[in-house]
Amino acid sequence: PDEAVVRAIRSLFDRFRVEPSVCALLRWANEQRIQMPTRQTYADGTTEVMWKPLRASRLYWMLHNPIYAGAYAYGRCTKVEKIVDGNIRRAMQREHDPSKWLVVKQDAHAGYITWTEYLHNQDTMRQNMARMGSPHRGAPREGPALLSGLLVCGRCGRRMAASYSGRERTYFTYVCAGDRDGGVGSCWTVPGTAVDAAIETGSGERLSFVV
């Protein structure tokens, strides 16, 4: 019933119809100094709506959450087992394909967007991730780069991802995205071939770059 909350949330979904990516939407929100509501719960059971700057993690959560499309969903996360260093690790993995969720009930309540628009937004984000190489933390999954997700930025301490270019995707650089959660641009970039060559020859301790 809070009209300020409704306006703030609706503005994001309205703007996403014209922005090319989630990062572009986040930059727009920060340029407009839009703050998003967060409900704070206290130990005595009372709650309070607090307004905070929009972060990338919150924005991705909102765009992926079917509740904003008026849908009830259950079973969006599944437990998976992976072998890491010879040991079995169990973790929860989110499934983004609605057809694989255990329960999906459309039109369960009033939403900010339609179910069709929700599916379109998911497809847009998947295509953007594919164009960006879908960088994630951890060991490299594809491409010749040795240290994607393992190299740590000397400026801010965040992990760096490999960015490929060229027809055969053989040329690559290591990119630190900086504080993407806060909508801040890239931190810095280093040539990947030189870094990997130093690691392969064991001369990595002598490698340095002028920023």
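Remarks
Yes/no matrix, rows are residues, columns are (1) among the basic types (Lys, Arg); (2) touching a residue at least 60 places away in the same chain (Cβ under 8 Å); (3) farther than 24 Å from Met129 by Cβ:
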position: Leu54; (1), (2), (3): no, yes, no
position: Asn65; (1), (2), (3): no, no, no
position: Asp97; (1), (2), (3): no, no, no
position: Lys105; (1), (2), (3): yes, no, yes
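- Restricted to region 6-23, and to residues there that are open to solvent by 70 Å² or more (accessible area, probe 1.4 Å) and under 15 Å from Asp123 (Cβ atoms), the residue that is nearest to the chain's Cα centre (by Cα) is Pro20.
- Verdict on Thr46 being exposed (fewer than 13 other Cβ atoms within 10 Å of the Cβ) and touching a Phe, Trp or Tyr at 6+ places or on another chain (Cβ under 9 Å): no
- Counting only strands (runs of 3 or more DSSP E) wholly contained in region 1-116, no element carries 1 or more residues that are in contact with a Gly (Cβ under 6 Å, 6 or more places away or on another chain) and aromatic (Phe, Trp, Tyr).
- Long-range neighbours under 7 Å by Cβ, at least six apart or interchain, first residue under 22 Å from Arg7 (Cα atoms) within region 107-127, second surrounded by 13 or more Cβ atoms within 10 Å (Cβ to Cβ) and β-branched (Val, Ile, Thr): Tyr112/Ile9
- For Ala56, the test of being open to solvent by less than 30 Å² (accessible area, probe 1.4 Å), touching an Asp or Glu at 6+ places or on another chain (Cβ under 9 Å) and at pLDDT below 90 is passed.
- Condition check for Ser208 on (1) under 23 Å from Arg94 (Cβ atoms); (2) at pLDDT below 65: one failure, at (1).
- Being of a type outside the set (Asp, Glu), without any contact (Cβ under 8 Å) to a residue 24 or more places away in the chain and closer than 26 Å to Ser99 by Cα is a property that Thr78 has.
- Residue match in region 175-193 (condition: at pLDDT 65 or above, assigned to a loop (DSSP other than H, G, I, E, B), polar (S, T, N, Q) and within 19 Å of the chain's Cα centre (by Cα)): yes
The values are calculated or read from the model by the stated rules, or taken from the named source; none is laboratory data. In this text, all values refer to a predicted model and were calculated from it rather than measured experimentally. Heads up, the Cβs are rebuilt from the backbone with ideal geometry, glycines too, and the neighbour counts pull from every protein chain shown. The area values use the complete protein model at the heavy-atom level, side chains included, leaving out ligands, DNA and RNA. Shrake-Rupley method; radii C 1.70, N 1.55, O 1.52, S 1.80 Å.
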